[in-house]
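Have a look at the structure below, then the notes.
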Amino acid sequence: MTATADLLAVTDADFEKEVIASPIPVLVEFTASWCSPCRMMLPVLTQLAAERAGALKVLTMDVESNPRTQSDYSVLAMPTLIGFRNGEPITSLVGAVSGLRLREHFAGLL
């Protein structure tokens, strides 16, 4: 894993360890360097990660560098956010949203 701004970035190589085997829920933003809406989500996700530190892991994944995981989860648009609990995808959301909308949509994960 590497840091992207204030969030950690997960890769195809460590997705199993960091997401599937995580003892706490994980929110993964599938992103790309060219994606403006993805950049808009960064402060929202950074704030959520700080608020839920220890209870929720918030990660980013660059789809251009990690095509295997992108394909495994049929991610076709960026940003796509997928919430995982106990290694299973629980819910997903496509597109940039406000912090309030993000919290409402992923309330069951949080």
**OP:** Quickly run through segment 42-81 and pick out the residues that are open to solvent by less than 30 Å² (accessible area, probe 1.4 Å) and part of a loop (DSSP other than H, G, I, E, B).
**Re:** Leu56, Val63, Asn66, Val75, Pro79
**OP:** Collect the residues in segment 82-96 that are touching a residue at least 24 places away in the same chain (Cβ under 8 Å) and either among the basic types (Lys, Arg) or part of a loop (DSSP other than H, G, I, E, B) (or both), keeping them in residue-number order.
**Re:** Arg85, Gly87, Gly95, Ala96
Original post:
For segment 39-77, which residues satisfy the criterion of being among the basic types (Lys, Arg) and under 18 Å from Thr11 (Cβ atoms)?
Top reply: Lys57, Arg68
Original post:
If you scan segment 12-41, which residues turn out to be free of Cβ contacts under 8 Å to residues at least 60 places away in the same chain, among the hydrophobic types (A, V, I, L, M, F, W, C) and not in a helix (DSSP H, G or I)?
Top reply: Ala13, Ile24, Val26, Val28, Phe30, Ala32, Trp34, Cys35
Subject >> The one condition in (1) open to solvent by 40 Å² or more (accessible area, probe 1.4 Å); (2) modelled with pLDDT under 95; (3) in contact with a Leu (Cβ under 8 Å, 6 or more places away or on another chain); (4) within 23 Å of Asp12 (Cβ to Cβ) that Ser33 fails to fulfil >> reply: (3)
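The values are calculated or read from the model by the stated rules, or taken from the named source; none is laboratory data. Note that the structure is a prediction, hence the values are computed from the model and not measured. For neighbour counting, all protein chains shown are included, and Cβ atoms are generated from backbone atoms with ideal geometry for every residue, glycine included. Accessible surface is based on the protein model in full, side chains and every heavy atom, while ligands, DNA and RNA are left aside. Shrake-Rupley method; radii C 1.70, N 1.55, O 1.52, S 1.80 Å.
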